[in-house]
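K.L.:
Before anything else, here's the structure in question.
The values are calculated or read from the model by the stated rules, or taken from the named source; none is laboratory data. Keep in mind it's a predicted model, so treat the numbers as computed, not measured. All Cβ positions, glycine included, derive from the backbone under ideal geometry; neighbour counts span all protein chains shown. Areas reflect the complete protein model, heavy atoms only, side chains present, ligands, DNA and RNA absent. Shrake-Rupley method; radii C 1.70, N 1.55, O 1.52, S 1.80 Å.
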Amino acid sequence: MASLSIIGAGTWGIALANMLADSGHDVTVWSAIGDEIDYIAQYHKHPKLKDVAISTKLSLTKDLREAIEGKDIIVMAVPSVFVRSTAKQVGEFIKEDQIIVDVAKGIEPVTLMTMSEVIHEEINKIKPFDYGQLIALSGPTHAEEVSIGLPSTIVSAGVNIENAKFVQEVFSAPYMRVYTNDDIRGTEICGALKNIVALAAGIAHGLGYGDNATAALVTRGIHEITTLGLAMGCSIHTFYGLAGIGDLVVTCTSRHSRNNQCGTLIGQGYDVETAKKKVGMVVEGISALEAADALRIKYHVEMPIMRSVFNIINFSMPPAEEVKRLYARQHKSEEPFDVLMTIYDNPDVTKEHHGMKRVITYGTFDMLHYGHINLLRRAKALGDYLIVALSTDEFATLVKHKHCYFNYNERKSLLEAMRYVDLVIPEENWEQKMTDCKEYHIDILVMGDDWKGKFDYLKDQGVEVIYVPRTPEISTTKIKADLHSE
Ligand code: C2G
């Protein structure tokens, strides 16, 4: 069993607290709003979860130190706009071996940081706190359903997969199935941006549109979120997982969704402030709009639905006008994602990923051709940083018996000019791979499958070895032969 504190006594914090207490964990709930704690202590109910009996096994406190000290896991369940200020307080008491699970869904305006990045930055102003201690818990989980034990699923995402698995273990319950994912950034991007698409779905509903419009918004909405996420270096499987399409479907189609409710009122003609008041709870989609628009611009990604919601909410554009504009856009195809080009078309793709993956490959790369390029592009797509160990002239000639047309420096400069390549080092012998992988902290070695099986021994030192299909019909030898025959 684990000990946890839930920071924030909103509906989601309470639903999780109930579930965790029912699983036998030691759970303490804290809120910055003393009245919330008093109400729950007195009535064992939450004002917004009327028909839910709150577990008597829960401890309640208004003392943050008492809530945090000695716990295995701290759950940040405050609205996204309060995450930074709450993290600042939590930072006073948190210990480096504790895990913080963030369940707030949002992107911080101006900094464009995800919630885990905000918490990480705030705590590190006070003391060293590793990013691997942060887990995002996100998925298709309406508090109203989880709080009455209806079957649900969720993702535990973090760069430290062991911590993600620990959280998976603790949050698993007879009606909660938890999946892990190491793409915390993608998971959080999904959680924040799906609320904006839910606003759009609500607006469509308020305009009197039907299920066809909802399906269109879900489908094109996940396309927009995925395009942005890939441009930010996230993993495509995250967007087709529970935190992505899963959460988007549940938020766009459910009456429980505040974003959907708020959007419906706006579609019916209410102004934004009135709609927010009528919903009566935080509408995270509105909080996320500014950051989403800034990300759209920063990563040069077309996101017409996000843009339209931004126009309606922030510029008071009439919803029906925005729909007309969306339908008048130039014709498009559903071209498949060229994951690699999406990632590499954006000069702003930042490399300082949390948990950066480092890839290495080896070769002669003489008379650089598109077979080599395909190899390098796929190698880079498997991580964040690609090192090419380039055969020296001596090694190529004397050991590999390959007579290079270009010498080492010429081949090196060609490779360094490629956007997929981050570093070129010399390959002087067959044996250096083990020391290279250690020295450069390599996670993955990639080679064409003409080398299949030859480097599996590196797996023993924790290196993932991936052989990718060679590009057919092209080789340096063929080029030379063809030129010779002309
Ligand atoms: N490659 C490919 N498709 C081609 C040609 C090459 O995928 N049509 C890949 C090869 O499988 C290799 C890489 O591109 O992974 C570099 O190819 P070469 O320059 O031929 O490298 P090689 O001479 O095989 O040397 O220690 C390993 C050696 O240095 C590899």
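K.L.:
Leu386: crowded, with 20+ Cβ neighbours inside 10 Å and more than 10 Å from the ligand (Cβ to nearest atom), yes or no? I'd like the intermediate steps shown before the answer.
P.N.:
On the way: crowded, with 20+ Cβ neighbours inside 10 Å: yes; more than 10 Å from the ligand (Cβ to nearest atom): yes.
Taking the combined requirement at face value, the residue satisfies it.
K.L.:
Is it true that some residue in the stretch 244-251 is under 27 Å from Glu144 (Cα atoms), in a helix (DSSP H, G or I) and touching a strand residue (DSSP E or B) at 6+ places or on another chain (Cβ under 6 Å)?
P.N.:
No - not one qualifying residue is present in the stretch 244-251.
K.L.:
Here's a follow-up. Please verify whether the stretch 263-286 includes one or more residues that are open to solvent by less than 10 Å² (accessible area, probe 1.4 Å), in contact (Cβ under 8 Å) with a residue 12 or more places away in the chain and within 12 Å of Leu193 (Cβ to Cβ).
P.N.:
For the stretch 263-286, residues open to solvent by less than 10 Å² (accessible area, probe 1.4 Å), in contact (Cβ under 8 Å) with a residue 12 or more places away in the chain and within 12 Å of Leu193 (Cβ to Cβ): present.
K.L.:
Step by step: first the residues of the stretch 448-486, then only those that are within 13 Å of the ligand (Cβ to nearest atom) and basic (Lys, Arg), then the one that is most open to solvent (accessible area, probe 1.4 Å). Which residue is that?
P.N.:
For the stretch 448-486, the residue satisfying everything is Lys452.
K.L.:
Is it the case that Ala32 is of a type in the set (Gly, Ala, Ser) and within 21 Å of Glu169 (Cβ to Cβ)?
P.N.:
no
K.L.:
Among the residues of the stretch 191-211, are any of a type in the set (A, V, I, L, M, F, W, C), out of contact with any helix residue (DSSP H, G or I) (no Cβ under 9 Å at 6 or more places or on another chain) and either surrounded by fewer than 24 Cβ atoms within 10 Å (Cβ to Cβ) or within 23 Å of Ala21 (Cβ to Cβ) (or both)?
P.N.:
No, because not a single residue in the stretch 191-211 is of a type in the set (A, V, I, L, M, F, W, C), out of contact with any helix residue (DSSP H, G or I) (no Cβ under 9 Å at 6 or more places or on another chain) and either surrounded by fewer than 24 Cβ atoms within 10 Å (Cβ to Cβ) or within 23 Å of Ala21 (Cβ to Cβ) (or both).
K.L.:
If you don't mind, another one. Which residue, of Asp460, Asp422, Asp443, Asp436, is farther than 14 Å from Val359 by Cα, modelled with pLDDT under 95 and under 36 Å from the mean Cα position of the chain (by Cα)?
P.N.:
Every option except Asp460 fails the conditions.
K.L.:
Can you name the residue in the stretch 315-339 that is among the basic types (Lys, Arg) and open to solvent by 80 Å² or more (accessible area, probe 1.4 Å) and is also modelled with the lowest pLDDT among such residues?
P.N.:
Out of the qualifying residues, it is Lys332.
K.L.:
Looking for whichever is under 15 Å from Ile119 (Cβ atoms) and polar (S, T, N, Q) here; the options are Thr61, Thr86, Thr56. Which one fits?
P.N.:
Working: Thr61 fails: under 15 Å from Ile119 (Cβ atoms); Thr56 fails: under 15 Å from Ile119 (Cβ atoms).
Only one candidate passes the filter, namely Thr86.
K.L.:
Is it the case that the stretch 84-102 has a residue that's over 30 Å from His120 (Cα atoms) and open to solvent by 20 Å² or more (accessible area, probe 1.4 Å)?
P.N.:
no
K.L.:
Moving on to the next point. Hey, could you check the stretch 396-421 for residues that are in contact with a helix residue (DSSP H, G or I) (Cβ under 8 Å, 6 or more places away or on another chain), open to solvent by 50 Å² or more (accessible area, probe 1.4 Å) and not polar (S, T, N, Q) and say which is nearest to the ligand (Cβ to nearest atom)?
P.N.:
Ranking the candidates gives Lys402 first.
K.L.:
Still on this model: Can Ile74 be described as open to solvent by less than 70 Å² (accessible area, probe 1.4 Å) and assigned to a helix (DSSP H, G or I)?
P.N.:
no
K.L.:
Filter the stretch 54-63 for residues that are surrounded by fewer than 14 Cβ atoms within 10 Å (Cβ to Cβ) and under 34 Å from the mean Cα position of the chain (by Cα) and give the result.
P.N.:
Of the stretch 54-63, the ones surrounded by fewer than 14 Cβ atoms within 10 Å (Cβ to Cβ) are 56, 63.
The answer is Asp63, and nothing else.
K.L.:
Only one residue in Thr227, Thr214 is modelled with pLDDT under 95 and of a type outside the set (Gly, Ala, Ser). Which one?
P.N.:
Thr227
K.L.:
A follow-up question, please. Select, from Ala17, Ala87, the only residue that is closer than 21 Å to Ala173 by Cα and outside any loop (DSSP other than H, G, I, E, B).
P.N.:
Of Ala17, Ala87, the one residue that is closer than 21 Å to Ala173 by Cα and outside any loop (DSSP other than H, G, I, E, B) is Ala17.
K.L.:
Related question: Taking the stretch 38-53 on its own, how many of its residues are part of a helix (DSSP H, G or I) and open to solvent by less than 10 Å² (accessible area, probe 1.4 Å)?
P.N.:
The number of residues fulfilling the criteria is 1.
K.L.:
Something else: Within the stretch 425-447, can you find the residues that are within 22 Å of Val159 (Cα to Cα), within 13 Å of the ligand (Cβ to nearest atom) and not in a strand (DSSP E or B)?
P.N.:
Within the stretch 425-447, just Cys437 meets the criteria.
Each row is one residue, and each column tells you yes or no for (1) more than 18 Å from Ala2 (Cβ to Cβ); (2) touching a residue at least 24 places away in the same chain (Cβ under 8 Å).
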| position | (1), (2) |
| --- | --- |
| Gly106 | yes, yes |
| Leu112 | yes, yes |
| Leu134 | no, yes |
| Ser138 | yes, yes |
| Ser156 | no, yes |
| Glu162 | no, no |
